[in-house]
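The values are calculated or read from the model by the stated rules, or taken from the named source; none is laboratory data. Since the structure is predicted, the reported quantities are computational estimates derived from the model, not experimental observations. Counting neighbours? That spans all protein chains shown, and the Cβs are built from the backbone with ideal geometry, glycine included. Only protein heavy atoms, including side chains, enter the accessible area calculation; ligands, DNA and RNA are left aside. Shrake-Rupley method; radii C 1.70, N 1.55, O 1.52, S 1.80 Å.
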Amino acid sequence: MPPADIQIRALEAADFDDVAEIFAQPRAVWGTLQAPYLSVEARRARHLALPPGHTAIGAVVDGKVIGAAGLHPEANRRRAHVASIGMAVHDGFAGRGAGRALLGALLELADRWQNFSRIELTVWADNDRAIRLYEGAGFVREGLHRAYAFRDGAYVDAIAMARLREGLA
């Protein structure tokens with residue numbers, strides 16, 4: 001259950017001024033594979049181009065989107081039981097429960113509505129706050145990607161994590 005002041009809902013095309021602002025925040029862009037300086041229009045176009053079955057949700061406080069997350073099914077039919085997630089929260093709202101609310105909504109959607117039994121994610125190895133959030137939701141570390149991506153002038157490692165729906169592990 002999200003904190004009382006946080007509403008979780010589907011993202012709409014009109015939300016992308018707020019989404020662009022999220023990814024303009026130093027910590028939010030640091031914690032994702034997103035590149036800084038992507039325009040509002042580019043973010044809106046990317047959202048509108050999502051294939052069928054992909055879900056984008058937002059955490060909203062007082063009418064402003066302060067967090068964004070997505071649930072992305074695997075395209076390969078042999079991995080039809082798998083989806084991946086990604087998320088970011090505006091720096092000014094970090095630590096207030098938006099990430100937990102977004103993750104909870106994605107997992108409820110995956111488990112109770114879309115029948116995904118395996119949810120995967122990749123998180124920077126030095127993003128302790130996110131790792132604690134994911135482990136608290138039942139994700140386990142499955143491996144380390146060394147020099148996974150270039151971020152802020154250096155290659156950084158990432159951790160592969162996954163959560164199997166209860167009864168499948």
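Checked against (1) in contact with a Gly (Cβ under 8 Å, 6 or more places away or on another chain); (2) in contact (Cβ under 8 Å) with a residue 60 or more places away in the chain, Leu121 passes all but a single condition, namely (2).
Every residue, every condition in (1) charged (D, E, K, R); (2) within 15 Å of the chain's Cα centre (by Cα); (3) open to solvent by less than 40 Å² (accessible area, probe 1.4 Å), yes or no:
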{"position": "Glu41", "(1), (2), (3)": "yes, no, no"}
{"position": "Leu48", "(1), (2), (3)": "no, no, no"}
{"position": "Pro52", "(1), (2), (3)": "no, no, no"}
{"position": "Ala56", "(1), (2), (3)": "no, yes, yes"}
{"position": "Val61", "(1), (2), (3)": "no, no, yes"}
{"position": "Gly67", "(1), (2), (3)": "no, yes, yes"}
{"position": "Gly70", "(1), (2), (3)": "no, yes, yes"}
{"position": "Ala75", "(1), (2), (3)": "no, no, no"}
{"position": "Arg79", "(1), (2), (3)": "yes, no, no"}
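In this structure, Gly95 qualifies as under 21 Å from Pro26 (Cα atoms) and either of a type in the set (Asp, Glu) or open to solvent by 60 Å² or more (accessible area, probe 1.4 Å) (or both). In region 33-53, the residues that are without any contact (Cβ under 8 Å) to a residue 60 or more places away in the chain form Cβ pairs under 6 Å with partners that are among the charged types (D, E, K, R), at six or more places apart or across chains, as follows: Val40/Asp17. May I ask you to verify whether Val156 is at pLDDT 95 or above, open to solvent by less than 30 Å² (accessible area, probe 1.4 Å) and more than 18 Å from Ala83 (Cα to Cα)? For Val156, the condition - at pLDDT 95 or above, open to solvent by less than 30 Å² (accessible area, probe 1.4 Å) and more than 18 Å from Ala83 (Cα to Cα) - is met.
Evaluated against (1) open to solvent by 20 Å² or more (accessible area, probe 1.4 Å); (2) at pLDDT 95 or above, Phe139 falls short on exactly one condition, (1). Contact map, region 74-96: first residue in contact (Cβ under 8 Å) with a residue 60 or more places away in the chain, second residue charged (D, E, K, R) and open to solvent by 60 Å² or more (accessible area, probe 1.4 Å), Cβ cut-off under 7 Å, separation 6 or more or different chains; pairs are His90/Glu21; Asp91/Arg27; Ala94/Arg27. The sole residue among Gly86, Gly92 that is closer than 21 Å to Leu11 by Cβ and over 15 Å from the mean Cα position of the chain (by Cα) is Gly92.
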